[in-house]
Amino acid sequence: MSFTRSIQQTVETMLGDINTQSPGTIVSYDAATNRAIVKPALPKRLANDEELQSPQIVEVPVVWTSSGGGKAGITFPLQPGDGVMLSFQQRSMEGWLDGKNTMPDDPRQFDLSDCVAIPGLQASGISAHSDDVVLKFDKTIVTLKKDGSLVMGNDKGGITIDADGNITLKGQSIKVDTPAKAFTLETHRHEFTKSDPADNSGQPKAS
């Protein structure tokens, strides 16, 4: 073996032990602790060309968008099989996860155990909208349109607030809840108050 090839193999072996980023999947997720068990999606090829399946990684923090000291943010359900981007940190995270911004006790680097999961990475991708901001959960969709309007609902009805502030309600039945009782706008009745100088009706009655 030539000297150059020997150096090349040494470098390849060292690089093979460095983990940077990888697509992965959720095995399980605990929302209360925000920790997941994940599995890197891609197996590793050994020097003898054999395939080594990726191990499951436990106690992986999930990265959600959050700011304002935790007062603002967004989360969503994670199910087994959901795709994530796995990012392996340059240093041991154990102390940092305990609130210590000090030099790590363990000298390991780019280790599988120092992993965080970023939800959303799918091999097939997801259908995106080219103009609007869309928030979707199961059958419910909230759309922020670039013309300034807001649409909330599904194919059975919903609420539209246009750029001028006009509100349109669409549904099989529309109810307005008050602290005392609920009534439908289409069929509700009013008590007639003869003592009212303007002959206005009284408060709405439950249908």
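Where a number appears in this text, it was derived from the coordinates with a stated rule and is not lab data. What you are looking at is a predicted structure, and each value in this text was computed from that prediction instead of being measured. Note: ideal-geometry Cβ built from the backbone for every residue, glycine included; neighbour counts use all protein chains shown.
In plain terms, the residue of Ile37, Ile126 with the fewest other Cβ atoms within 10 Å comes first and the most crowded comes last, giving Ile126, Ile37.
With each label modelled as a point 7 angstrom along the Cα→C-beta vector, the Ala72-Arg45 pair spans 4.6 nm.
Shown here for the stretch 27-102: GluC sites (Glu not before Pro) in loop regions (DSSP other than H, G, I, E, B) with at most 15 other Cβ atoms within 10 Å, namely Glu50. In sequence order, the stretch 86-95 has phi-based couplings of 9, 10, 9, 7, 6, 10, 4, 9, 4, x Hz under the Karplus curve 6.51 cos²θ - 1.76 cosθ + 1.60, θ = phi - 60°, and Gly or Pro positions carry x. In the stretch 9-162, with Lys and Arg counted as +1 and Asp and Glu as -1 at Cβ, which of these residues, Ile57, His129, Phe110, has the Cα nearest the positive end of the dipole, that is, farthest along it? So the residue furthest toward the plus end is His129.
3J(HN,Hα) along the stretch 133-149: 8, 10, 10, 10, 9, 6, 9, 9, 10, 10, 10, 9, 8, 5, 7, x, 8 Hz, from the Karplus curve 6.51 cos²θ - 1.76 cosθ + 1.60 with θ = phi - 60°, whole Hz, x for Gly and Pro. Would you please classify the overall shape of the stretch 3-119 from the alpha carbon gyration tensor, given that a ≥ b ≥ c denote the square roots of the eigenvalues, rounded means a/c under 1.5, and beyond that prolate means a/b larger than b/c while oblate covers the rest? Cα axes put the stretch 3-119 in the oblate bin. Among the listed pairs Lys39/Lys136; Lys139/Lys175; Lys39/Lys145; Lys71/Lys139; Lys44/Lys136, those with a Cα-Cα distance over 31 Å are Lys39/Lys145; Lys44/Lys136.
Each of Trp96, Trp64 has some number of other Cβ atoms within 10 Å of its Cβ, and from fewest to most they run Trp64, Trp96.
Taking every DSSP beta bridge that has both ends in the stretch 3-119, the antiparallel portion is near 95%. Computing FRET efficiency as 1/(1 + (r/R0)^6) for Gln122 and Thr4, where r is the C-beta to C-beta distance and R0 is 41 Å, gives about 0.50. On the beta carbon distance between Thr20 and Met152, with R0 = 45 Å, the FRET formula returns roughly 0.65. Exposure proxy ranking for Ser66, Ser92, based on other Cβ atoms within 10 angstrom of each Cβ and starting from the fewest, stands as Ser66, Ser92. Distance between the pseudo-spin-label points of Thr160 and Trp64 (7 Å out from Cα toward the beta carbon): 3.3 nm.
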